[in-house]
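Take a look at the structure below.
Every read-out reported here was derived from the displayed coordinates using simple, explicitly stated rules and does not represent laboratory data. For clarity, every value in this text was computed on a predicted model and none was experimentally measured. Heads up, the Cβs are rebuilt from the backbone with ideal geometry, glycines too, and the neighbour counts pull from every protein chain shown.
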Amino acid sequence: MQPIEITEMPLEIKEYLHTINAIKFPRQGYSSDVAIIESDQGVFALKRTKGKLFCSWLEREVTVLNCLAKQTTLPVPTVKKFVEQQNQNNHWALLECVEGETLRTALSTETNKGKRQEMLFHFGAILSQIHATPCPKELQYEQKWLDHMLDQAEYNFKNYKVDGNQPLLEKIKRTQPDDYQQTLIHGDFTIDNVLVSNGVITGVIDWGSGTYGDPRYDVSLAIRPKPNAFENNIDKEIFFEGYGSKIIDDNIYNYFVNGLYEFF
């Protein structure tokens with residue numbers, strides 16, 4: 001990913017921002033370029049994607065955010081501008097900049113054990129709130145979520161570089177878990193996509209995979225071991241306490257994290 005230059009920004013976005021006073025670049029994802037912009041109109045996050053696949057992801061995220069902002073009380077950023085540059089195969093989204101730092105960063109710097117555990121508890125609680133929120137009809141599909149994901153996994157395997165291989169693809173098709181009540185899901189619920197300020201969750205970002213799906217997928221991705229997070233059972237226990245129940249076992253976790261997720 002590359003830093004965004006002011007001269008590259010679409011005119012519609014520059015006009016909305018008026019005078020740009022400062023621009024900085026946070027830790028970048030692999031699918032988009034991100035800039036935090038301070039302007040006369042406030043502070044915003046600007047995302048740019050390039051290419052058909054990543055542009056489709058950003059377009060989907062904008063759709064999800066617009067639905068959630070209008071129909072739910074979830075702490076998600078509002079979309080200010082969305083610009084499609086078809087001739088350059090670029091998409092741009094100007095979003096409200098939510099106050100705070102990623103939970104990953106907060107956990108890595110917090111030395112107080114009690115405050116750290118409180119953040120993990122709230123991490124579980126906000127996911128429970130997401131799953132309890134009625135899913136907007138616009139985000140629901142007739143096809144069962146897992147069937148769609150397995151179709152997409154096969155497509156990704158054939159068309160893109162993924163970590164999964166043919167034997168693993170056949171295995172996850174053959175060993176699908178039992179059906180589970182679908183809910184609104186985030187689709188990439190990790191400590192990088194939840195923002196906190198003073199230990200309090202201020203927002204959930206990166207909703208490109210938000211849909212009506214299996215909540216066990218969110219829970220499984222949430223507790224994947226990361227440096228300073230979920231490297232021990234205590235972290236997981238606190239997370240599940242915040243979530244309100246433990247809806248996965250080791251088999252479900254492995255199916256999603258070490259199976260399906262390897263193709264995304």
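If R0 equals 30 Å, the separation of the Cβ atoms of ASP250 and GLN143 corresponds to a calculated FRET efficiency of about 0.60.
When each full DSSP H helix of the chain is screened for a Cα extent of at least 18 Å along its own axis and an average Kyte-Doolittle hydropathy of at least -1.0, the helices passing are 52-71, 113-132.
Modelled label-to-label distance, TYR160 and THR109, 7 Å Cα→beta-carbon offset: nm? My value for the distance between the label points is 3.1 nm. Of the labelled options (1) 1, 5, 12, 16, 17, 17, 14, 10, 5, 2, 0, 0; (2) 1, 6, 11, 14, 14, 12, 9, 7, 5, 3, 2, 2, 2, 2, 2, 2, 2, 1, 1, 1, 1, 0, 0, 0; (3) 1, 5, 11, 14, 14, 12, 11, 10, 8, 6, 4, 2, 1, 0, 0, 0, which one gives P(r) over Cα pairs in 5 Å bins from 0, in percent as computed for this structure? From the options (1) 1, 5, 12, 16, 17, 17, 14, 10, 5, 2, 0, 0; (2) 1, 6, 11, 14, 14, 12, 9, 7, 5, 3, 2, 2, 2, 2, 2, 2, 2, 1, 1, 1, 1, 0, 0, 0; (3) 1, 5, 11, 14, 14, 12, 11, 10, 8, 6, 4, 2, 1, 0, 0, 0, the structure gives (1).
Can you figure out the FRET efficiency of GLU12 with GLU118, using R₀ = 51 Å and their beta-carbon distance, to the nearest 0.05?
Computed FRET efficiency for GLU12 and GLU118: 0.80.
Karplus-derived 3J(HN,Hα) values for region 183-196, using 6.51 cos²θ - 1.76 cosθ + 1.60 with θ = phi - 60°, are 9, 5, 10, 7, x, 7, 7, 10, 5, 7, 10, 10, 9, 9 Hz; glycine and proline are entered as x. Residue order for VAL257, VAL76, fewest other beta carbons within 10 angstrom first, comes to VAL257, VAL76. Of ILE130, ILE23, ILE185, the residue with the greatest mean-square motion in the GNM of the chain, using alpha carbon springs below 10 Å, is ILE23. Coupling constants for region 74-88 follow from the phi torsions by the Karplus curve (6.51 cos²θ - 1.76 cosθ + 1.60, θ = phi - 60°), and in residue order they are 5, x, 10, x, 8, 8, 9, 8, 9, 10, 9, 9, 4, 5, 9 Hz; glycine and proline get x.
Pop the C-beta distance of GLU84 and THR202 into the FRET formula with R0 = 30 Å and round what comes out to the nearest 0.05. About 0.55, to the nearest 0.05. Roughly how many Å is it from the Cα centre of region 248-264 to that of region 14-51, as a whole number? Between the Cα centres of region 248-264 and region 14-51 lies a distance of 34 Å. Sorted ascending by nearby beta carbons within 10 Å, beginning with the fewest, ASP151, ASP214 become ASP151, ASP214.
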